[in-house]
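Okay, structure first, notes after.
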Amino acid sequence: MNISPVASVIFMTAATAQAQEAMTPIQTETSLWQVLLSGGPVMIPLGILSVIGVMLVLVYLFTMRRGAVVTKRYMTTADALLRKRDYLGLLAISNRHREAVARIMQRTLDFITQHPEATFAEAREIAETEGTRQAAALNQRITYLADIGTIAPMLGLFGTVLGMIKSFSVVASDIVSSRPMMLAGGVSEALVTTAAGLCIGIPAMAAYAFFRGRVQSLIAELEAASTQLIALMAVAFTRK
């Protein structure tokens, strides 16, 4: 039976298509969880750092606010009591408040009540020292985000080194059959850890920059409020 040239072309095209389908590997979808697990043991500390970073950001969003430094209610009460030179009453009020300016006044009034002969210069020095300590405490809190932003990329680099060591050890091995798969696993580990470290470090540094600006604003508010109260205290001292 003779086969026409057109039929021959159709049969050859179908055979070629079937051969290409047989040679094409079956593509499987890889989930994000599988990608993260391919990063190796370094992903464990990176995961811990990511959780800590998110928790710190949430805590700072609720605590790094003006009400934690100074409130209008406290300033009004302190103004009235200082004008009356009621140091003990202001000390009691300061003990009940948690604002940073209240802590400054508490430390200053403790010194004044324990040392009635103290001068205003000595009381102002106590207030300035406590104010510096409160400002340093605010700055110290946000440095944890900067630490995470520094450590996370370094851990990612450490995972990269481990992955490359694994890849080169596979190249040096005599196992020819499984060499390509093991080599790809080492390279994948190196790339995943690097990406994970950067994905944690970059947002952490961005959050640190944001909260650093907020802290500077809060410190300015604290300085203005404490200066106002110390000025009222100076007037009270001149009336002794």
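Values for this structure:
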read-out	value
Pairs where the first residue, in segment 212-240, is assigned to a helix (DSSP H, G or I) and the second is aromatic (Phe, Trp, Tyr), C-beta under 6 Å, 6+ apart	Ala234/Phe120; Phe237/Phe120
Odd one out for Ala196 among (1) of a type in the set (A, V, I, L, M, F, W, C); (2) at pLDDT 75 or above; (3) out of contact with any Leu (no Cβ under 7 Å at 6 or more places or on another chain)	(3)
Candidate set from segment 189-240 (those that are in contact with a Gly (Cβ under 8 Å, 6 or more places away or on another chain) and charged (D, E, K, R)); member that is farthest from Thr76 (Cα to Cα)	Glu189
Met154 being within 28 Å of Leu46 (Cβ to Cβ), among the hydrophobic types (A, V, I, L, M, F, W, C) and either part of a helix (DSSP H, G or I) or touching a Phe, Trp or Tyr at 6+ places or on another chain (Cβ under 8 Å) (or both)	yes
Filter pass, Gly53 being surrounded by 14 or more Cβ atoms within 10 Å (Cβ to Cβ), touching a residue at least 40 places away in the same chain (Cβ under 8 Å) and touching a helix residue (DSSP H, G or I) at 6+ places or on another chain (Cβ under 6 Å)	yes
Any chance Thr143 is in a helix (DSSP H, G or I), among the polar types (S, T, N, Q) and modelled with pLDDT under 90	no
Top-ranked residue in segment 63-110 [being among the acidic types (Asp, Glu) and in contact (Cβ under 8 Å) with a residue 24 or more places away in the chain; ranked as surrounded by the most Cβ atoms within 10 Å (Cβ to Cβ)]	Glu99
Tabulated pairs, segment 111-129, first in contact (Cβ under 8 Å) with a residue 40 or more places away in the chain and at negative phi, second among the small types (Gly, Ala, Ser) and surrounded by fewer than 16 Cβ atoms within 10 Å (Cβ to Cβ), C-beta under 7 angstrom, 6+ apart or interchain	Phe120/Ala234
Residues being part of a helix (DSSP H, G or I) and within 15 Å of Val215 (Cβ to Cβ) - total across segment 60-100	8
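The values are calculated or read from the model by the stated rules, or taken from the named source; none is laboratory data. Since this is a predicted model, take the numbers as computed values, not measurements. Heads up, the Cβs are rebuilt from the backbone with ideal geometry, glycines too, and the neighbour counts pull from every protein chain shown.
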